[in-house]
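Below: one structure, written as structure tokens.
The values are calculated or read from the model by the stated rules, or taken from the named source; none is laboratory data. The model shown is predicted, which means the values in this text are computed figures rather than measured ones. Cβ placement follows ideal geometry from the backbone for every residue including glycine, while neighbour counts extend to all protein chains displayed.
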Amino acid sequence: MIIDSIWIRRCPYCRKRIGFDMTECLACRAAYPSTPRIEVTPRGDICIAPFSYDGVIAAAIKDFKFRGVRFNSKSFAGAIVAAMKKTYFKDMDFEVITSVPATKKRKRQRGYNQAELIARYVAEMTGTGYKELLVRDVDTVYQHYLGQEERKKHDKSYYSIIDRESVRNKKILLIDDIMTSGSTLSGCSEVLMDAGAQRIFCAVTAITKRR
Ligand SMILES: [Zn+2]
């Protein structure tokens, strides 16, 4: 693993040095999959992703999540926006973009919420407003030990609304870094719908291969 000084930028995927005006090398950008992944969350929302969680993509996400390579988030956002343009998401006119919140403890440990970083770039690139709408109340340490039904129930109870006015009747794009079972996105979506959102769509950097 490479952690360079802030004076060196590397492509998130192949780790070659790149210029300061670039978010990934041209070869890797050209190799972006031409067809986005489209899945349905357990709650029934559509989720799109430019990538499957695999190989160099998984490595780039891990560098970002666990090794502090924040720079990768800009490339992930660019890939999400490119994927949106290839689907009907491009005509959706989202009114608000938001992200899956991290617990306060985790945000403190990492110094940032990774989903929020990606979401803020997507908002900037699409000219849509970003708003923090949810807060996460509890840590999800035991989530792995719960069954699918239990997880759905629990995931909803982890989140609360911060800003009810910004949710009501809004078409919202909810962003996270990875979709695995989709229970996290579903939990957030359900809380937003309960608060009066019109409809929720989801986008992530990568969806796990087998679901
Ligand atoms: Zn590259």
Give ARG37, ARG70 a once-over and let me know the one that is away from the ligand (no atom under 16 Å from the Cβ), under 17 Å from ILE178 (Cβ atoms), loosely packed, with under 15 Cβ neighbours inside 10 Å and under 17 Å from the mean Cα position of the chain (by Cα).
ARG70
Filter the range 40-56 down to residues that are under 25 Å from SER183 (Cβ atoms) and surrounded by fewer than 18 Cβ atoms within 10 Å (Cβ to Cβ) and give me whichever is farthest from the ligand (Cβ to nearest atom).
GLY44
Test: ASP155 is modelled with pLDDT of 75 or more, under 14 Å from ARG43 (Cα atoms) and among the acidic types (Asp, Glu)
no
Restricted to the range 1-19, and to residues that are surrounded by fewer than 11 Cβ atoms within 10 Å (Cβ to Cβ) and within 15 Å of the ligand (Cβ to nearest atom), which residue is modelled with the lowest pLDDT?
ILE2
Here is a list: ALA30, ALA82, ALA59. Which entry is of a type outside the set (S, T, N, Q) and either surrounded by 20 or more Cβ atoms within 10 Å (Cβ to Cβ) or away from the ligand (no atom under 13 Å from the Cβ) (or both)?
ALA82
For the range 95-111, how many residues are exposed (fewer than 15 other Cβ atoms within 10 Å of the Cβ) and in a loop (DSSP other than H, G, I, E, B)?
1
